[in-house]
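**Q** Could you have a look at this structure, given as structure tokens, before my questions?
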Amino acid sequence: MRVHPLALVLTLLFASGARADALDDIIKAEMKMRQIPGLSLAIIENGKIVRAQGYGVTEKVGKTPVGPHTLFQAGSVSKPVAALGALHLVEQGKLGLDEDVNTRLLTWKLPDSALTAEQKVTLRRLLSHNAGLTVHGFPGYASNAPVPSVVQVLDGEKPANTAAIRVDIVPGSKVRYSGGGYTVMQQMVADVSGQAFPDYMRDAVLKPLGMHESSYLQPPPAERARLNASGHLADRSMVAGRWHVYPEMAAAGLWTNASDLARFAIGVQQALAGTSNPVISAALTRQMLTPQKENVGLGVFLDGSGSAQRFSHGGRDEGFDTLLTAFSGTGQGAVIMINANDNSRMMDRLTAAIGRAYHWPEADYDVLLKHPAINIDAKELIRYTGRYELANNTMGTFDMQGGQLRSIFDGLPDETFVPVGAHRVHSTSRNCELAFIVDAQGEVTGVVVTTKDKANKAPRIGPLMHTLAARTDPKPARTRNVQALLADIGRGGSGLANSAFATAGVKNNFGTQAIGELVNVKSLTFLHEQAVAGRAIERHGSKVDSVLAFHVSGIKPERKLLVYLTADGLLTDFDLVDD
């Protein structure tokens with residue numbers, strides 16, 4: 001039977017329209033559930049942007065819609081774009097991937113030490129997070145606050161709000177994420193190019209790739225700021241001043257939109273294929289997309305192999321989250337940007353939905369496994385509720401809502417899980433199974449989270465706050481010590497340094513920044529103590545033996561407090577949390 005060409009075209013158009021409508025429904029449902037004010041989306045197919053769309057509003061109290069040209073902060077997705085700028089200098093012979101960075105740094109030098117005498121800090125190691133440098137990330141600066149120079153950031157000098165960027169482990173010995181390393185790279189690029197970093201990136205990367213709406217200028221000039229979305233925090237309150245300023249431009253300072261980031265991804269795909277890229281060659285792109293150590297390339301994280309290899313990066317600035325993912329050889333990918341900090345699985349679910357709709361090569365995107373639910377007493381599901389440490393210093397909670405077990409992030413519902421076996425539940429929205437660990441006394445002590453071929457054990461920290469009531473404090477002197485130490489952390493400085501109640505990790509990590517709201521704590525009401533010895537919970541370099549829960553008064557809004565203690569009673573971390 002001969003198919004008329006027009007009929008074939010119409011069939012494809014209708015299929016494309018149905019696919020778009022289905023994705024629209026998923027995106028809008030996710031945004032409603034997670035209370036996301038605005039979202040920018042770009043989808044790449046066959047090396048082209050086939051969809052660029054905005055959803056929602058630029059700020060939750062306004063009516064301005066997000067469009068394809070609305071600008072968002074890219075957070076750490078600034079890094080792969082900045083890495084391309086550094087690699088362009090390598091392509092020109094002005095930088096070497098494996099030379100000591102101090103041979104190229106002019107304005108500032110990385111202090112030498114016994115560690116750098118053993119192994120040198122190189123551009124390759126900076127870009128792949130194994131240079132041994134400190135400072136994971138940057139909180140940015142309020143729009144009305146003093147902003148440090150890059151050199152002040154590098155040396156941790158006021159008004160910088162982060163510690164000095166220094167080598168504290170042997171370069172090349174291990175992967176440890178470091179925004180500090182990218183700030184060293186930023187200074188080196190400026191020194192070698194002879195241009196201010198935003199100007200160099202505009203000329204060397206953004207313009208050649210057609211990213212005409214993107215800029216590393218910090219703060220954004222007024223004529224660009226009118227296009228900016230406003231950031232929203234995890235509690236969905238708006239960032240004071242709408243956004244933060246990031247002098248750490250290479251690490252966190254790119255203002256852009258989903259379409260421009262998609263152009264970056266397409267540029268990398270074309271460079272690898274040798275078809276087009278004015279920034280770097282195919283040979284250097286192959287190095288960029290080759291794991292240097294573990295799964296880290298030069299500026300990107302890598303999964304898979306061959307044409308199905310995927311390069312990705314996530315990002316977070318104050319009030320903004322971003323996810324970029326693309327395939328090296330299939331010409332496919334997507335970028336999602338939101339004007340909110342969201343700790344749920346929403347981005348992953350949206351990416352999976354796009355992958356299924358556009359037939360991405362990973363099997364996980366092709367089919368959503370269905371597991372028949374079994375009947376189980378609601379009391380059994382209630383046993384599984386509580387707080388769990390899904391990764392180091394990353395908490396997730398499970399609670400009962402509408403008779404179902406659901407994960408809760410930022411006080412908002414996320415995934416629904418149905419029982420499929422003894423102490424086992426399965427997600428209704430992705431291929432994820434939870435197997436709860438129950439000890440000989442019948443207490444739930446943790447959960448094993450299995451996704452695809454990965455299984456991670458997450459210890460249980462304790463019950464949910466809304467299930468706890470005030471009770472007699474068994475150790476009031478300990479509580480007074482906690483409150484005094486919180487005040488020291490709030491003020492910063494010598495009080496914390498001289499505390500006999502804090503671990504060395506707390507002193508090192510909180511000593512350089514003041515958390516002002518803690519000074520206002522008026523009282524702590526004891527709620528609960530959870531023994532967690534043996535559950536492999538570690539905070540700031542010390543093992544956690546017990547977790548205390550308090551109600552806090554004096555700060556607005558009133559919160560609950562989790563305090564992590566070592567076996568010898570020292571405070572090694574704390575979290576202010578909601579019910």
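The values are calculated or read from the model by the stated rules, or taken from the named source; none is laboratory data. Quick caveat: nothing in here was measured; it's all calculated off a predicted structure. Quick reminder, even Gly has a Cβ in these numbers, built from the backbone with ideal geometry, and neighbours come from all protein chains shown.
**Q** Check 107, 134, 122 and return the single one that is of a type outside the set (A, V, I, L, M) and in contact with a Lys or Arg (Cβ under 8 Å, 6 or more places away or on another chain).
**A** 134
**Q** In the range 143-162, what residues are more than 26 Å from residue 297 (Cα to Cα) and among the hydrophobic types (A, V, I, L, M, F, W, C)?
**A** Correct list: 145, 147, 151, 160.
**Q** Of the numbered conditions (1) surrounded by fewer than 17 Cβ atoms within 10 Å (Cβ to Cβ); (2) in contact (Cβ under 8 Å) with a residue 60 or more places away in the chain; (3) in contact with a helix residue (DSSP H, G or I) (Cβ under 8 Å, 6 or more places away or on another chain); (4) hydrophobic (A, V, I, L, M, F, W, C), residue 487 fails exactly one; give the number of that condition.
**A** Unmet for residue 487, out of (1) surrounded by fewer than 17 Cβ atoms within 10 Å (Cβ to Cβ); (2) in contact (Cβ under 8 Å) with a residue 60 or more places away in the chain; (3) in contact with a helix residue (DSSP H, G or I) (Cβ under 8 Å, 6 or more places away or on another chain); (4) hydrophobic (A, V, I, L, M, F, W, C): (2).
**Q** Here is a follow-up. Quickly run through the range 126-154 and pick out the residues that are surrounded by fewer than 24 Cβ atoms within 10 Å (Cβ to Cβ), in contact (Cβ under 8 Å) with a residue 12 or more places away in the chain and not in a loop (DSSP other than H, G, I, E, B).
**A** 141, 142, 150, 151
**Q** Could you say whether any residue in the range 374-385 is part of a strand (DSSP E or B), modelled with pLDDT of 85 or more, in contact with a strand residue (DSSP E or B) (Cβ under 8 Å, 6 or more places away or on another chain) and under 30 Å from residue 237 (Cβ atoms)? Give the steps one after another, and end with the answer.
**A** Let us first name the residues in the range 374-385 that are part of a strand (DSSP E or B), namely none.
No; the residues of the range 374-385 include none that is part of a strand (DSSP E or B), modelled with pLDDT of 85 or more, in contact with a strand residue (DSSP E or B) (Cβ under 8 Å, 6 or more places away or on another chain) and under 30 Å from residue 237 (Cβ atoms).
**Q** Looking at residue 464, is it buried (at least 20 other Cβ atoms within 10 Å of the Cβ) and over 23 Å from residue 158 (Cβ atoms)?
**A** Details: buried (at least 20 other Cβ atoms within 10 Å of the Cβ): no; over 23 Å from residue 158 (Cβ atoms): yes.
Answer is no for this residue.
**Q** A further question on this structure: Can you tell me which residue within the range 199-230, out of those that are of a type in the set (Lys, Arg) and loosely packed, with under 14 Cβ neighbours inside 10 Å, is modelled with the highest pLDDT?
**A** That would be 207.
**Q** Is it the case, given these coordinates, that residue 79 is basic (Lys, Arg) and surrounded by fewer than 16 Cβ atoms within 10 Å (Cβ to Cβ)?
**A** Working: basic (Lys, Arg): yes; surrounded by fewer than 16 Cβ atoms within 10 Å (Cβ to Cβ): no.
Spelling it out, it is not the case that residue 79 is basic (Lys, Arg) and surrounded by fewer than 16 Cβ atoms within 10 Å (Cβ to Cβ).
**Q** Which of the residues that make up the range 467-491 are hydrophobic (A, V, I, L, M, F, W, C) and over 29 Å from residue 398 (Cβ atoms)?
**A** To start, the set of residues in the range 467-491 that are hydrophobic (A, V, I, L, M, F, W, C) comprises 468-470, 477, 482, 484-487, 489.
Across the range 467-491, the qualifying residues are 477, 484, 485, 487, 489.
**Q** Out of all the residues in the range 138-147, is one or more modelled with pLDDT of 95 or more, out of contact with any helix residue (DSSP H, G or I) (no Cβ under 6 Å at 6 or more places or on another chain) and under 30 Å from residue 93 (Cα atoms)?
**A** No, because not a single residue in the range 138-147 is modelled with pLDDT of 95 or more, out of contact with any helix residue (DSSP H, G or I) (no Cβ under 6 Å at 6 or more places or on another chain) and under 30 Å from residue 93 (Cα atoms).
**Q** Out of (1) at pLDDT 95 or above; (2) within 25 Å of the chain's Cα centre (by Cα), the odd one out for residue 391 is which?
**A** Condition (1) is where residue 391 drops out.
**Q** In this structure, does residue 573 turn out to be under 24 Å from residue 343 (Cα atoms), surrounded by 19 or more Cβ atoms within 10 Å (Cβ to Cβ), among the acidic types (Asp, Glu) and in contact with a Leu (Cβ under 9 Å, 6 or more places away or on another chain)? Give the derivation first.
**A** Values: under 24 Å from residue 343 (Cα atoms): yes; surrounded by 19 or more Cβ atoms within 10 Å (Cβ to Cβ): yes; among the acidic types (Asp, Glu): yes; in contact with a Leu (Cβ under 9 Å, 6 or more places away or on another chain): yes.
Taking the combined requirement at face value, the residue satisfies it.
**Q** Here's another thing I want to ask about it. Are any of the residues in the range 180-198 in contact with an Asp or Glu (Cβ under 6 Å, 6 or more places away or on another chain), part of a helix (DSSP H, G or I) and of a type outside the set (A, V, I, L, M, F, W, C)? Break it down into steps so the answer makes sense when it comes.
**A** Start the filter on the range 180-198 by keeping residues that are in contact with an Asp or Glu (Cβ under 6 Å, 6 or more places away or on another chain), which leaves 183.
Restricting the remaining residues to those that are part of a helix (DSSP H, G or I) gives 183.
Now drop any that are not of a type outside the set (A, V, I, L, M, F, W, C), which leaves 183.
Checked the range 180-198: at least one residue is in contact with an Asp or Glu (Cβ under 6 Å, 6 or more places away or on another chain), part of a helix (DSSP H, G or I) and of a type outside the set (A, V, I, L, M, F, W, C).
**Q** Okay, next question. Among the residues of the range 440-460, which ones are loosely packed, with under 11 Cβ neighbours inside 10 Å and either under 23 Å from residue 362 (Cα atoms) or aliphatic (A, V, I, L, M) (or both)?
**A** Passing the criteria: 440, 453, 454.
**Q** What's the number of the only condition in (1) outside any strand (DSSP E or B); (2) assigned by TED's automatic domain parsing to the domain that holds residue 385 that residue 479 fails to meet?
**A** In the conditions (1) outside any strand (DSSP E or B); (2) assigned by TED's automatic domain parsing to the domain that holds residue 385, residue 479 misses (2) alone.
Residues checked against (1) surrounded by fewer than 21 Cβ atoms within 10 Å (Cβ to Cβ); (2) outside the structural domain of residue 472 (by TED's automatic domain parsing); (3) assigned to a strand (DSSP E or B); (4) in contact with an Asp or Glu (Cβ under 8 Å, 6 or more places away or on another chain):
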| residue | (1), (2), (3), (4) |
| --- | --- |
| 506 | no, no, no, yes |
| 530 | yes, no, yes, no |
| 536 | yes, no, no, no |
| 550 | no, no, yes, no |
| 556 | yes, no, no, no |
| 564 | no, no, yes, yes |
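**Q** Of all residues in the range 412-445, how many are touching a residue at least 60 places away in the same chain (Cβ under 8 Å) and either over 21 Å from residue 349 (Cα atoms) or assigned to a loop (DSSP other than H, G, I, E, B) (or both)?
**A** 5
**Q** Same structure, new question: Looking at the range 241-273, which of its residues are in a strand (DSSP E or B), under 16 Å from residue 338 (Cβ atoms) and hydrophobic (A, V, I, L, M, F, W, C)?
**A** Answer for the range 241-273, where residues must be in a strand (DSSP E or B), under 16 Å from residue 338 (Cβ atoms) and hydrophobic (A, V, I, L, M, F, W, C): just 255.
**Q** In the range 258-278, is there at least one residue being at pLDDT 95 or above, crowded, with 24+ Cβ neighbours inside 10 Å and under 18 Å from the mean Cα position of the chain (by Cα)?
**A** Checked the range 258-278: at least one residue is at pLDDT 95 or above, crowded, with 24+ Cβ neighbours inside 10 Å and under 18 Å from the mean Cα position of the chain (by Cα).
**Q** Now, a different point. Just one of the numbered conditions (1) modelled with pLDDT of 95 or more; (2) over 25 Å from the mean Cα position of the chain (by Cα); (3) more than 23 Å from residue 575 (Cβ to Cβ) is not true of residue 421; which one?
**A** The number of the failed condition is (1).
**Q** Return the only residue of 204, 190 being in contact (Cβ under 8 Å) with a residue 12 or more places away in the chain, in contact with a Phe, Trp or Tyr (Cβ under 9 Å, 6 or more places away or on another chain) and closer than 21 Å to residue 104 by Cα.
**A** Only one candidate qualifies: 190.
**Q** Here is a follow-up. Scan the range 123-146 and tell me whether some residue there is within 30 Å of residue 51 (Cβ to Cβ), under 19 Å from the mean Cα position of the chain (by Cα) and not assigned by TED's automatic domain parsing to the domain that holds residue 490.
**A** No, because not a single residue in the range 123-146 is within 30 Å of residue 51 (Cβ to Cβ), under 19 Å from the mean Cα position of the chain (by Cα) and not assigned by TED's automatic domain parsing to the domain that holds residue 490.
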